[in-house]
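Below: the structure, in structure tokens.
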Amino acid sequence: MGPWLVPSCTEPILLTAEDAAEMLKAVILIGGPQKGTRFRPLSFEVPKPLFPVAGVPMLQHHIEACSKVPNLKEILLIGYYQPNEALSRFLVTAQQEFKVAIRYLQEFSALGTGGGIYHFRDQILSGGPQAFFVMNADVCCAFPLLQMLEFQKKHEETHRYIMLGTTANRTQSLNYGCIVAKADTQEVLHYVEKPGTFVSDIINCGIYLFSPSIFEHIAEVFKRNQQDLQLSEENSSWQRTEVIRLEQDIFTALAGRGQLYVYKTDGFWSQIKSAGSAIYASRLYLDQYHVTHPERLAHNKEGTPVILGNVYVHPTANVDPTAVLGPNVSIGMGVTIGAGVRVRESIILHGAVLQDHSCVLNTIVGWDSSIGRWARVEGTPSDPNPNDPYAKIDSETLFREGKLTPSITILGCNVSIPAEVVILNSIVLPHKELSRSFKNQIIL
């Protein structure tokens, strides 16, 4: 299947010889609707990569970081979402704002992190880029792309493939790809995806810088898959040859061959796998706004609500001056917040209404939902251990020992909470009108 193009990016990229010599591209892997199940019910309404984190779509943080890289001429999104109006509108807006060509290339099915870029290798290599970034959409970080480029340029002869790494604690490292590297050169000697026992506290951040020769290594895996399929009697499993994982299939094989290196970052980094991790990611980005976007942070002024810590309020939101917001609060477009409302550690999405004296803590309030007067909606945060500088957010499971794990409360879109009720540690699916209090429940 050919690439699906956003209307305004169908023109070919015209490059001078000088541009071509230094030209870079970026690929963002956005997955598809079968992924992101831990993000439900929020992913029912928008593709997960468009979910707002710290006031802007998750993907926008990636695209903005790419737009700051000199000579980065094109960003390709690869995934298997059906082209839709929300994605098209976002890409057109992002192109205009960040002045970079953006295209969405739709996979015919989930091809894995390596299979997707291999399937669209011609589009990635067109124009002759010297190198290209590959990023997973569901990570949140400071995106040290310029530092990765500098690291590669210092060692041009050997450093063909760079992966971004960070330090995790010993226990949590087992949930990630683990990297053993030489202390002096940072050459990756050993790579294991989610090992059974401790291997290393340096983990894979899901952001890479490749030279075009990476496709030779992916092609080897593709050919091997084809040979294995011919030897197999299961002719129905035709698509197995195209499903290639960068982590298990490519990095494991490249480790120790003098071509794969890790650039370690001390900056913030987190995965965004669940709705709870979106609130944590929002906190990290809001904190970064002091440096990158101070204009996005709300401040205490006369006649405005009380702001505690880092808070983003969309210009179209209507917030009563007696409300108290923060820390770590993001208020979306067209939200209405009444008198005496308290909001903390929460994301309030487009069009929601929080009526007078309601209290919202550790919660995501879905689009166009309504919370009645004096109601209390509260969740349990799933934050990393604040006393451990290397702690990451746990990928919490929904159930433990047959019971719903206490976590943040999520209200899907168009949920109505009546006055004076308490909703605690619960997930409410879209279009529900509740009549009483609930605790530790999934309300279907």
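The values are calculated or read from the model by the stated rules, or taken from the named source; none is laboratory data. Nothing here was measured: the structure is a model prediction, and the numbers come from that model. Cβ placement follows ideal geometry from the backbone for every residue including glycine, while neighbour counts extend to all protein chains displayed. Calculation scope for accessible area: heavy atoms of the full protein, side chains included, ligands and nucleic acids excluded. Shrake-Rupley method; radii C 1.70, N 1.55, O 1.52, S 1.80 Å.
Some notes on this structure:
- Cut-off 13 Å, label 7 Å out along Cα→Cβ of LEU308, residues of the range 320-344 by amide N: 323-329, 341-344
- For the listed residue pairs LYS25/LYS153; LYS48/LYS223; LYS73/LYS194; LYS194/LYS273; LYS68/LYS301, the alpha carbons are over 26 angstrom apart in LYS48/LYS223; LYS73/LYS194; LYS68/LYS301.
- Helix-only arithmetic for the chain: the sum of -39500 (n - 2.57) across DSSP H runs with n ≥ 4, divided by the residue total, places the mean residue ellipticity at 222 nm at -6000 deg cm²/dmol.
- Whole-percent carbon and sulfur share, accessible surface of the range 245-383, 1.4 Å: 51 percent
- The range 288-390: antiparallel DSSP beta bridges as a percent of all, rounded to 5: 5 percent
- Taking GluC sites (Glu not before Pro) in DSSP loop states with no more than 15 other Cβ atoms inside 10 Å as exposed sites, the chain has its longest site-free stretch at 1-155.
- Span-rule helices in the chain, defined as complete DSSP H runs reaching 20 Å or more along the axis (Cα) with Kyte mean at least -1.0: 214-231, 275-292
- Near-label residues of the range 354-376 by backbone N, under 17 Å of a point 7 Å along Cα→Cβ of GLU433: 368-373
- Probe 1.4 Å, protein heavy atoms only - accessible area per residue of the chain in square angstrom: 44 Å²
- Förster-model FRET efficiency, 60 Å R0, HIS155 and PHE44, C-beta, rounded to 0.05: 0.85
- Within the chain, DSSP assigns beta bridges of which about 30% are antiparallel (rounded to the nearest 5).
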